[in-house]
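Any read-out appearing in this document is the output of simple, stated calculations on the displayed coordinates, not a laboratory observation. Since this is a predicted model, take the numbers as computed values, not measurements. So basically every Cβ, Gly included, is an ideal-geometry build from the backbone, and we count neighbours across all protein chains shown.
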Amino acid sequence: MGTTVFMSRWFEQWVRATQLWGWEWWRLAYLSSVILVLGLSISTYSHTLRTSIANHTYRNTAPILLGFTVVCALVSVVLTRIVLVTAMSYGLSQYALQVVIRVLVLEIIPLTAALFVALRCTIPDGAELVAMRAHQAKGGGSAQNLALLQSEVMPRVIAGLLSGITLAALSSVVASLVAYLTSYGFSVFGFATYTRLFGQVFSPAVSLIFILKTLIFCLTVSLIPMASALMDSGGAGGHTARTSAEMRGLVRMFTLVLFFEVASLIGNYY
């Protein structure tokens, strides 16, 4: 009898937790779609909004651009040397550069750029939005919510998207250049071989997956923290609510990024 009651209570708790989980993800999808529709509407982009987007984009990108590029170059040198030396020791040096290009440019850089922007820019922006919503909670009203989306949410979302794309594009170029210099030095004689290897890796299908993955990663890390902040801003304000919003936004964003990364790996290698 006791076991039956315990199992019944456990099943009820599991059903409630599953319903709550599904409702949270449904609200997140709904708010994300609202922001996307607003972002795709031409009438949204007034002069004030364009100025705000430019300011947020500069603040999100300029301070981290040089540091991220330097770190990317150093990591590229280390990984390239490790792969080259390991491949030579096994007599597989002809495949070394392809492995470097595929692992570094195709897989690591888009994910690293997106997560760097998320941790540096978009998740703190989401926490600021939670604090702002808590401060304005007494106002309410759909007009105020729409004004908040246009004046505060949209600039942060678009700035995060542009920042992630900029870092991913620049770091891809830097990593490709570093890989060439590490392999051939300051010589132009390896350029034809290198471009041929690069073309063999980046086939049309792989190139399309790479572009889509980069865009989806950047959109995810810029959109999910904002939608999560709108969804989680109904509680109490303060430092505890801010930290909790950051953690929830991070978990949701990381879950989606992991899902899209697995999907891209399936598309590239299966």
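Here is how the numbers come out for the structure above:
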{"item": "Residues MET253, MET154, MET88, sorted so that the one with the fewest Cβ neighbours within 10 Å comes first", "result": "MET88, MET154, MET253"}
{"item": "Acute angle (nearest 10 degrees) that the helix 123-135 long axis makes with the longest principal axis of the chain, alpha-carbon atoms", "result": "20"}
{"item": "Computed label-point distance, nm, for sites GLU12 and ALA263 using a 7 Å Cα→Cβ extension", "result": "3.8"}
{"item": "Cβ-Cβ FRET estimate between ALA192 and TYR58, R0 fixed at 45 Å, reported to 0.05", "result": "0.70"}
{"item": "Cβ-based exposure ranking for MET132, MET231, in which fewest neighbours within 10 Å come first", "result": "MET132, MET231"}
{"item": "Calculated over the chain: convex hull of Cα atoms, volume per residue (Å³)", "result": "196"}
{"item": "Net length gained if the chain between SER41 and LEU212 were fully extended (0.36 nm per residue, minus Cα distance)", "result": "59.4 nm"}
{"item": "Cα long-axis angle, helix 239-269 against the chain (0 to 90 degrees, to the nearest 10)", "result": "40"}
{"item": "Acute angle (nearest 10 degrees) that the helix 204-232 long axis makes with the longest principal axis of the chain, alpha-carbon atoms", "result": "30"}
{"item": "Highest-MSF residue in the chain out of GLY249, GLY199, GLY39 [GNM, Cα springs under 10 Å]", "result": "GLY199"}
{"item": "GNM flexibility winner over the chain from VAL178, VAL257, VAL103 (Cα, springs under 10 Å)", "result": "VAL103"}
{"item": "Ratio Rg/Rh [Cα only; Rh per Kirkwood] for the range 93-135", "result": "1.40"}
{"item": "Theoretical ellipticity at 222 nm over the chain - DSSP helices of four or more residues, -39500 (n - 2.57) apiece, nearest 500", "result": "-28000 deg cm²/dmol"}
{"item": "Charge dipole (debye, nearest 20) of the chain; +1 at Cβ of Lys and Arg, -1 at Cβ of Asp and Glu", "result": "80"}
{"item": "For the chain, built as a Gaussian network whose Cα springs stay under 10 Å, the top-fluctuating residue of THR112, THR69, THR18", "result": "THR18"}
